[in-house]
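What follows is a set of notes on a single structure, which appears directly below.
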């Protein structure tokens, strides 16, 4: 689906597109559903903007944690306010998704994190829901920027080093023998790509 989107779009902003790709995979893992890549609705934009805001303000908020006196600086006060608004929106979004899953817990058989959590906890009081909201927030905050930044880093180096592109393509086609990769290949020990670089 991601490749179809890229082929249809032509030029894209890799940082935004890969952040959406990563966030989509986390959403699929957590909730068993995903956004459409071409969807530019307000709901997706508000969510992605809230996540960006949380990441952008992290350095200033960390500074205030290290030196409490800094929390009174105007930039830190602004960052705290924007961060609180973003957290409120993101947690509200997760809470809605969780409540939807709770309402359908007996009729839906998705293999996702939320359903696994619900199966492990027969009663979901407010404390358990808050705990689950925090887990969702941690997954998105820890997983989206790190993975998308790594993918951006890889793409930059592959674009600047065409010989690495050829080497990577050769290793992939050799390992999968022209087939489509699957999860079973992850544990495959039958191949060890040899670097052709000196």
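The values are calculated or read from the model by the stated rules, or taken from the named source; none is laboratory data. As the structure is a prediction and not an experimental result, all values here were calculated from the model. When we count neighbours, we look across all protein chains shown, and the Cβ atoms used for this are built from the backbone with ideal geometry, even at glycine.
Can you find a residue that is within 25 Å of residue 126 (Cβ to Cβ), modelled with pLDDT under 90 and in a helix (DSSP H, G or I) anywhere in the range 60-76? No, because not a single residue in the range 60-76 is within 25 Å of residue 126 (Cβ to Cβ), modelled with pLDDT under 90 and in a helix (DSSP H, G or I). In this entry, residue 157 passes the filter for residues that are within 23 Å of the chain's Cα centre (by Cα) and farther than 30 Å from residue 91 by Cβ. Return yes or no: is residue 1 surrounded by fewer than 16 Cβ atoms within 10 Å (Cβ to Cβ), over 23 Å from residue 137 (Cβ atoms) and within 17 Å of the chain's Cα centre (by Cα)? Answer is yes for this residue. Taking the conditions (1) in contact (Cβ under 8 Å) with a residue 12 or more places away in the chain; (2) surrounded by fewer than 17 Cβ atoms within 10 Å (Cβ to Cβ) in turn, residue 73 satisfies each one other than (1). Inside the range 37-53, can you point out the residues that are part of a loop (DSSP other than H, G, I, E, B) and without any contact (Cβ under 8 Å) to a residue 24 or more places away in the chain? Correct list: 39, 40, 41. Scanning the range 4-19 for residues that are out of contact with any helix residue (DSSP H, G or I) (no Cβ under 9 Å at 6 or more places or on another chain), modelled with pLDDT of 80 or more and farther than 16 Å from residue 48 by Cβ yields a count of 4.
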